[in-house]
Amino acid sequence: MKKIILTIMALVALTCCAKHDKSKSSETEDMKPTGEQMLEMLNEQGLSLLVYNDSVLTTHDSKGVQDLLQLIAEQPERLRGAIVADKIIGKAAAALMASGGVVEVHTNIICTPARELLEREGIKVYAGEEVPKIMNKDWSGQCPMDARLNGVETVEECVEILRGM
C-alpha cells in the first residue's frame with residue numbers, strides 16, 4: 001500500500017510540474033503506473049483522459065471525445081500501444097481508441113457496445129461498472145455521438161461517421 005501511495009504521489013508531482021499546454025506530459029521512466037493508479041489520478045484530479053505510452057504520461061481535460069480526436073489528428077503516435085484511463089467510455093470513445101491503437105483501457109463506466117468493440121479489437125478492458133448505454137447530459141436519452149453509431153459494427157465505419165460530425 002505504501003508503494004502505491006508513493007507512486008501516486010510521484011505521478012501527481014510529475015504531472016503538476018509538467019509543461020502546460022492543452023495536455024500535460026510527465027516522464028515516468030522508472031515507475032510505470034498501473035491502470036488502477038491512473039484511474040485514481042484521473043478521478044482525484046478531475047481529468048477526462050490519461051494516456052501512458054513510451055514512459056510518458058499525458059493528462060487531458062476536454063469534454064467528450066475531443067481529446068481523442070485531437071490526439072489522432074495531431075499526435076497519433078501517443079495512442080499506438082498506449083494504456084489509457086478514461087472516466088466514461090461509450091462506443092464513440094472506444095472506436096477512436098481502437099483506431100488509434102490503444103492496447104489497454106481503464107474506466108469507471110463503460111457501455112456494453114463499447115466493451116464488445118474493444119474486446120473484438122483485442123484491447124484489454126478494465127471497468128468499474130458496465131451499463132447498456134451512455135446517457136446524454138440531461139439523462140433524457142442516449143449520448144448523441146453513441147446514438148449515431150447504433151448498428152455500426154466496424155471501427156472504420158464508426159470513425160468515418162465521427163469525423164463527419
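Quick note: the coordinates plus some simple rules give every number you see, no bench work behind them. Quick caveat, the model's predicted, so the values are computed rather than measured. Cβ coordinates were reconstructed from backbone atoms using ideal geometry, including for glycine residues, and neighbour counts include every protein chain displayed.
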HN-Hα J in Hz across the range 81-91 - Karplus 6.51, -1.76, 1.60, θ = phi - 60°, x for Gly and Pro: x, 7, 9, 10, 10, 9, 4, 9, 10, x, 5
Karplus 3J(HN,Hα) series, Hz, for the range 33-47 with 6.51 cos²θ - 1.76 cosθ + 1.60 (x for Gly, Pro): x, 7, x, 4, 5, 4, 5, 4, 4, 4, 5, 5, 9, x, 8
The range 83-150: C-alpha gyration tensor shape, a/c 1.5 cut-off, then a/b vs b/c: prolate
Anchor residue 124: aspartates and glutamates whose Cα lies under 16 Å away (excluding residues fewer than 8 positions away in-chain): 36, 86, 104, 116
Long-range HN-HN contacts of residue 89 with modeled amide H, under 5 Å: 109, 110, 111
Centre separation in Å (Cα based) which lies between the range 124-145 and the range 69-90: 18
Neighbourhood charge, 15 Å Cβ-Cβ cut-off, centred on residue 133 and excluding it, Lys, Arg +1 and Asp, Glu -1: -1
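Between residue 73 and residue 160, what length in nm is gained on full extension when 0.36 nm per residue of separation is reduced by their alpha carbon distance? Numbers along the way, then the final one.
Details: separation 87, 0.36 × 87 = 31.32 nm, distance 1.34 nm.
The residue 73-residue 160 span can extend by a further 30.0 nm.
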Rounded to whole Hz, the Karplus (6.51, -1.76, 1.60) HN-Hα couplings of the range 158-165, x for glycine and proline: 4, 5, 4, 5, 5, 5, x, 7
Residues with amide H under 5 Å from that of residue 135, placed H, sequence gap 5 or more: 143
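May I ask for the net charge around residue 165, where only other residues with Cβ less than 13 Å from the Cβ of residue 165 are counted and Lys, Arg are +1 while Asp, Glu are -1? Before the final figure, lay out the partial values.
On the way: positive: 148, 163; negative: 146, 160.
My count for the surroundings of residue 165 gives 0.
Would you please classify the overall shape of the range 28-135 from the alpha carbon gyration tensor, given that a ≥ b ≥ c denote the square roots of the eigenvalues, rounded means a/c under 1.5, and beyond that prolate means a/b larger than b/c while oblate covers the rest? Could you put the intermediate results ahead of the total?
Working: a/c = 1.42, a/b = 1.25, b/c = 1.14.
Rounded is the answer for the range 28-135, as its axis ratio a/c remains below 1.5.
For the range 93-165, state which GluC sites (Glu not before Pro) are in a DSSP loop and have at most 13 other beta carbons lying within 10 Å of their beta carbon.
Working: sites: 104, 116, 119, 121, 129, 130, 153, 156, 157, 160; in loops: 121, 153.
When the GluC sites (Glu not before Pro) of the range 93-165 are filtered for loop state and at most 13 Cβ neighbours within 10 Å, 153 remain.
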